[in-house]
Amino acid sequence: TQTIKPRIREILSGELPPELVELLPKHWVRIGDVIILPLRRELEPYRERIAEVYAEVLGAKAVLRKGHIHGETRNPDYELLYGTDTITVHVENGVKYKLDVAKIMFSPANVKERVRMGKVAKPGELVVDMFAGIGHLSLPMAVHGKARVIAIEKSPYTFRFLVENIELNNVQDRVTAYNIDNRDFPGENIADRVLMGYVSTTHEFIPKALSIARDEAIIHYHNTVPERLMPKEPFATFLRIAREHGYEAEKLNELVIKRYAPGVWHVVVDVRVYRR
Ligand code: SAM
């Protein structure tokens with residue numbers, strides 16, 4: 001996220017009514033050489049020209065209009081305003097992430113969690129990432145933490161980038177990727193650490209995470225939580241389901257990742273689980 005460049009204002013001041021110049025986006029997201037621009041409705045008639053100027057001044061090859069992220073495989077519905085190629089390599093924290101920004105989610109707000117996961121992972125550990133995406137969390141764990149990682153991703157399109165990213169980061173010897181639904185993953189009682197980097201319905205996957213985890217393990221449990229239920233949730237639900245399946249759970253740490261929607265927060269809880 002940045003602040004508007006005087007040059008953008010200067011160029012567009014000559015082309016747009018003054019009241020619309022004031023509405024030009026002051027912030028945007030840059031992923032590799034693709035820009036995601038939040039654009040007000042009033043600017044729609046000028047959207048292609050605006051995108052062209054932002055691309056020129058910011059040195060981007062494509063500009064997308066910010067939209068929403070939908071469905072089970074978390075796909076964005078961003079409109080392409082400028083350029084043709086939305087596939088790029090984003091470098092963050094020494095990790096290379098290749099992705100199609102128009103079709104795959106990459107949240108700048110999750111950067112702290114990607115960095116943190118690179119620090120908590122340890123050499124020799126086996127991590128199972130149940131919602132791997134393009135390797136958002138798996139890659140820093142393998143690159144910086146030197147952990148062994150099993151990365152599971154259901155979407156075939158996202159999986160293609162996951163496989164490429166494993167090679168780009170040269171961690172083929174540590175990361176194994178599976179293009180399956182994590183509910184069909186056959187491994188049981190194997191993981192020292194399980195990543196549940198998902199939102200909205202993550203609780204439905206707790207029994208599967210417990211079966212993948214070793215008798216004693218750490219689970220990084222993400223979910224979206226209405227503010228009025230915090231701080232009891234999301235751990236209370238995790239503990240209830242864990243007990244129903246013969247496990248005890250201890251909350252080690254809890255972090256708010258970002259505001260997800262009005263009154264709803266994306267939270268991660270680090271939980272130690274033990275089989276009773
Ligand atoms: N974990 C990363 C993070 O926290 O930044 C990536 C999150 S991304 C929103 C979640 C990914 O999980 C998507 O790529 C989606 O396709 C995948 N996914 C959703 N349901 C799944 C399932 N049942 N099995 C495997 N992957 C799944």
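Each residue in region 58-86 was checked for being away from the ligand (no atom under 16 Å from the Cβ), open to solvent by 50 Å² or more (accessible area, probe 1.4 Å) and not in a loop (DSSP other than H, G, I, E, B), and 3 of them qualify. Out of the residues in region 1-32 that are buried (at least 19 other Cβ atoms within 10 Å of the Cβ) and within 23 Å of the chain's Cα centre (by Cα), state the one that is farthest from LYS103 (Cα to Cα). My answer is TRP28.
Looking at LEU168, LEU255, LEU162, LEU239, can you tell me which residue is closer than 28 Å to GLY94 by Cα and away from the ligand (no atom under 16 Å from the Cβ)?
Values: LEU255 fails: away from the ligand (no atom under 16 Å from the Cβ); LEU162 fails: away from the ligand (no atom under 16 Å from the Cβ); LEU239 fails: closer than 28 Å to GLY94 by Cα.
Within the list LEU168, LEU255, LEU162, LEU239, the selection yields LEU168.
Listed here are the residues, each with its yes/no results for (1) more than 10 Å from the ligand (Cβ to nearest atom); (2) open to solvent by 20 Å² or more (accessible area, probe 1.4 Å); (3) touching a residue at least 12 places away in the same chain (Cβ under 8 Å).
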| residue | (1), (2), (3) |
| --- | --- |
| GLY94 | yes, yes, yes |
| LYS98 | yes, yes, yes |
| VAL120 | yes, yes, yes |
| MET130 | no, no, yes |
| GLY135 | no, no, yes |
| ALA142 | yes, no, yes |
| VAL149 | yes, no, yes |
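Candidates in region 186-205 are the residues that are open to solvent by less than 10 Å² (accessible area, probe 1.4 Å) and over 22 Å from HIS70 (Cα atoms); of these, the one that is farthest from the ligand (Cβ to nearest atom) is ALA191.
If you go through region 225-236 and keep only what is surrounded by fewer than 19 Cβ atoms within 10 Å (Cβ to Cβ) and either modelled with pLDDT under 95 or within 16 Å of the ligand (Cβ to nearest atom) (or both), you end up with just PRO231. The requirement of being farther than 27 Å from ALA51 by Cβ, open to solvent by 10 Å² or more (accessible area, probe 1.4 Å), out of contact with any Ser or Thr (no Cβ under 7 Å at 6 or more places or on another chain) and among the hydroxyl-bearing types (Ser, Thr, Tyr) is fulfilled nowhere in region 157-166; no residue meets it.
The values are calculated or read from the model by the stated rules, or taken from the named source; none is laboratory data. Given the structure is predicted, the values throughout are model-derived calculations rather than measurements. Cβ coordinates were reconstructed from backbone atoms using ideal geometry, including for glycine residues, and neighbour counts include every protein chain displayed. What goes into the accessible areas is simple: the full protein's heavy atoms, side chains included, and nothing from ligands, DNA or RNA. Shrake-Rupley method; radii C 1.70, N 1.55, O 1.52, S 1.80 Å.
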